[in-house]
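The values are calculated or read from the model by the stated rules, or taken from the named source; none is laboratory data. Given the structure is predicted, the values throughout are model-derived calculations rather than measurements. FYI the Cβ positions are ideal-geometry reconstructions off the backbone, even for glycines, and counts take in every protein chain you see. These area figures cover heavy atoms from the full protein model, side chains too; ligands, DNA and RNA do not enter into them. Shrake-Rupley method; radii C 1.70, N 1.55, O 1.52, S 1.80 Å.
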Amino acid sequence: MGERWYQEAVVYCLDIDTYADSNGDGVGDIRGLIGRLDYLARLGVTCLWLHPIHPSPRRDGGYDVTDFYNVDPRLGSLGDFAELLHQAQNRGVQVIIDLVVNHTSDEHPWFQSARSSPDSPHRDWYVWSAKAPSDRHQGMVFPGEQTETWSYDRTAKAWYYHRFYDFQPDLNVANPHVRAEIKKIMSFWLQLGVSGFRMDAVPFIIELTEPGNPDSTKDLDFLTELRQYVQWRRGDAILLAEANVEPDQLPTYFGDSGGSANRIHMLFDFMLNGRLMLALARKDPEPVIEALRDTPALPAGGQWATFLRNHDEIDLSRLTAEQRNQVYEQFGPDEDMRLYGRGIRRRLAPMLGNDRRRIELAYALQFSLRGTPVLRYGEEIGMGEDLSLPGREAIRTPMQWSYQENGGFSTADPEKLVRPVVDKGEYGYQRVNVTAQRRDPRSLLGWFERMIRTLREAPEVGSGTTSHIDVPMPPGVLAHRADGPTGAMVFLHHLGTEDVEVDLGILALEADLPIDVFTDRNYADVGKLDRLKLAGYGYRWIRLCRGNGL
């Protein structure tokens, strides 16, 4: 791997159990994923992010773990996983896995031991209270599905803390034995060959919970410990974290007050995600411009991870109520499209009315913004959701590979599938699948391959600096640029519907044979940059100049 490889990566996230089933039992597995690595390599993926792979009762999609040192037997064995890492490496693809150590399943042997006796060696591995805490009805992650964050355990004769569901008791990170165990878990998987971890719910991992204190201290120095430990074990491993916190707190997750990047390598950019959705809903780039302007400065080596869709609902909690309602009106007008009073449980293609122009525009914009792009499986072919499924499962349906039954995901009887394949309407596998799009050079899949190849030739986007080009623009147009040692790129994206002309003549003096490298259609040569045509929902990626000697 190259130095700071994560800055120029294309990350693809998937659930193994819904990706490809190799043995016909209805559940996707590691062997099935290995068989699709060439597809991912052709797409341009350089990093796979795998959702929880560990044994689990699966009451929360695998985020309720019973054994951190093994693979869910439904998916395969440790040997299969080692082969996956080997085969991925052969194709230049790194693999990171979910690290879910904020909590365990209540069926985990640690918790069963902890609740059995006050003298259990694992008792203090969890957070307990002898009496009902006064804040037990505060801090729920899943409003409407949770009513409290402390539950009484009759066997333990005490209350235990669970930031998430009551079957997911929180680990006590104030306990040095728990910290040592978390490091041991990380060491195990690094030694096996993973390239890092996506850390789930980081603000809760570092929370030193006290009964009755809804604002318990967060031990950010623990992140420094984990970063140091990981780097000594494998120097090029990364930590990608989920931390949906206030903007002024974000820099503290990257590094300490001295300005060192000694904590998390990458954070998901939730603030930008919400602003992107608002911009698309309004057909106005101003929210994106605000996000770029208000983004906290990162220490050297710190990186954002950008996304439009991931495995959860679109989280609009950082928007105002009015802004949220504007997004709901456009993209989640029906109540069953919404979740937890803050989000939308849909895939992007249906949200945009399956308008190919808008889908391209949205992803061209995301992939051109500063940071490392993350792509959810199935988005590259425009898959839809299944709103008949509960909660987040609506966007976790099996990958649609072909016209075959079950979309080529599995040869099992449909009723035995881990989750139903979308098989009706314009997003059914009969219409939306990889095979069909592979045969069509104008398909969305082909478009994604071309876009990602272009991005790989523009390392400035991931490892350089991004800035808004602040000159007068027609309504709906965003102009920004990316600069780095390899040169400079200019990007135009039109969120509106009318054809326009853009004047970027101010950049002509620094241009060196500027040329379109990726566009929604054929345009006239860029010339002096002062009469750039742009169609409704159009985009132009322009190579402004190359760095010296490149």
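Some observations on this one:
- For the range 34-68, the set of residues classified as assigned to a helix (DSSP H, G or I) and touching a Gly at 6+ places or on another chain (Cβ under 9 Å) consists of ALA41 only.
- Which listed residue is of a type in the set (A, V, I, L, M, F, W, C) and within 20 Å of the chain's Cα centre (by Cα), from ALA82, ALA88: ALA88
- Figure legend. Inter-residue proximity from the range 434-455: first residues under 14 Å from MET383 (Cα atoms), second residues of a type in the set (Gly, Ala, Ser) and part of a loop (DSSP other than H, G, I, E, B), beta-carbon distance below 6 Å, spacing 6+ or different chains. Indicated pairs: THR435/SER402; GLN437/SER443; LEU444/GLY382.
- Within the range 112-136, the set of residues being among the polar types (S, T, N, Q), open to solvent by less than 50 Å² (accessible area, probe 1.4 Å) and over 12 Å from TRP159 (Cα atoms) comprises SER113, SER117, SER120.
- Residue satisfying all of: in the range 406-443; within 26 Å of the chain's Cα centre (by Cα) and among the aliphatic types (A, V, I, L, M); most open to solvent (accessible area, probe 1.4 Å) among these: VAL418
- Restricting the range 293-310 to residues that are out of contact with any strand residue (DSSP E or B) (no Cβ under 6 Å at 6 or more places or on another chain) and either surrounded by fewer than 17 Cβ atoms within 10 Å (Cβ to Cβ) or not in a loop (DSSP other than H, G, I, E, B) (or both), the residue that is modelled with the highest pLDDT: TRP304
- Being closer than 28 Å to ALA82 by Cβ and in a helix (DSSP H, G or I) is a property that VAL178 has.
- Leading residue by the ranking (most open to solvent (accessible area, probe 1.4 Å)) among those in the range 360-391 that are of a type in the set (A, V, I, L, M) and touching an Asp or Glu at 6+ places or on another chain (Cβ under 9 Å): LEU387
- Filter result (of a type in the set (Phe, Trp, Tyr), surrounded by 18 or more Cβ atoms within 10 Å (Cβ to Cβ) and in a loop (DSSP other than H, G, I, E, B)) within the range 137-172: PHE164, TYR165
- Qualifying residue in the range 183-192 (condition: out of contact with any helix residue (DSSP H, G or I) (no Cβ under 7 Å at 6 or more places or on another chain), part of a helix (DSSP H, G or I) and without any contact (Cβ under 8 Å) to a residue 12 or more places away in the chain): yes
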